[in-house]
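Student: Take this structure first; my questions come after.
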Amino acid sequence: MQKTITDVFSDLDYTIVDFNTAHSQAIAAVAKTYGDTFARTFDGWFQTTLEGRRIRGDDWSTVPGGKVRFEAIAKAIHAELGSGKYLPWSRQLGAVYVQEALSLPVNRQEAEAIGNFYWKFMAENVVVYPEARAFIQRLHAAGIHFHFYRFG
């Protein structure tokens, strides 16, 4: 008996959506609104957090600042993570981390607004890989449903 595929599930980042381009544009927008130093620190937090969470084994060469910086960030955000409100790579959590790292007053409402600003900019400027768009169109033409999911 041959099985028929009726559904395909996929994450968005780096598979369907050119996340690097959209992220770079969002960081530029953060810089215009919140300043270059804030944006650079925010991007550094994100890159270290993202790459650090991808490590399997003991090769930390792809992580900006390596294992030491990743562990320092993890320690700094530990209490925030304990609340259960945020994922480790939450942009709102990143904004809180940046406020602390730059010795700014921690303002969770402002951090929430910064995270939302980042995601709003991302959503308005999403870049779908042309091959992904064509793939999804072929699936739909064949009667196969395409679903997005997110990790975490």
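Bear in mind these aren't lab numbers, they're just calculated from the coordinates by the rules spelled out. Everything quoted here is computed from the prediction, not taken from an experiment. Methodologically, a virtual Cβ is constructed for each residue, glycine included, from the backbone with ideal geometry; neighbour enumeration extends over all protein chains shown.
Student: How long are the semi-axes of the equivalent ellipsoid of the stretch 62-138, defined as square roots of 5 times the Cα gyration tensor eigenvalues? Whole Å, largest first.
Tutor: Output for the stretch 62-138: semi-axes of 30, 17, 12 Å.
Student: How high is the relative contact order of the chain, in percent, counting Cα pairs under 8 Å that sit 6 or more residues apart?
Tutor: Result for the chain is 39 percent.
Student: For the stretch 41-152, give the magnitude of the charge dipole about the Cα centre (Cβ charges: +1 Lys/Arg, -1 Asp/Glu; no others), in debye to the nearest 20.
Tutor: It comes to approximately 300 debye.
Student: Among the chymotrypsin sites (Phe, Trp or Tyr not before Pro) in the stretch 63-152, which ones are in a DSSP loop with at most 13 other Cβ atoms within 10 Å of the Cβ? Mind listing them?
Tutor: Those that pass, being in a loop and sparsely packed, are Y149, F151.
Student: Please work out which option in [x] 18.1, 64; [y] 16.4, 54; [z] 19.0, 68 gives Rg and Dmax of the Cα atoms in Å calculated from these coordinates, and answer with its label.
Tutor: Answer by label: [x].
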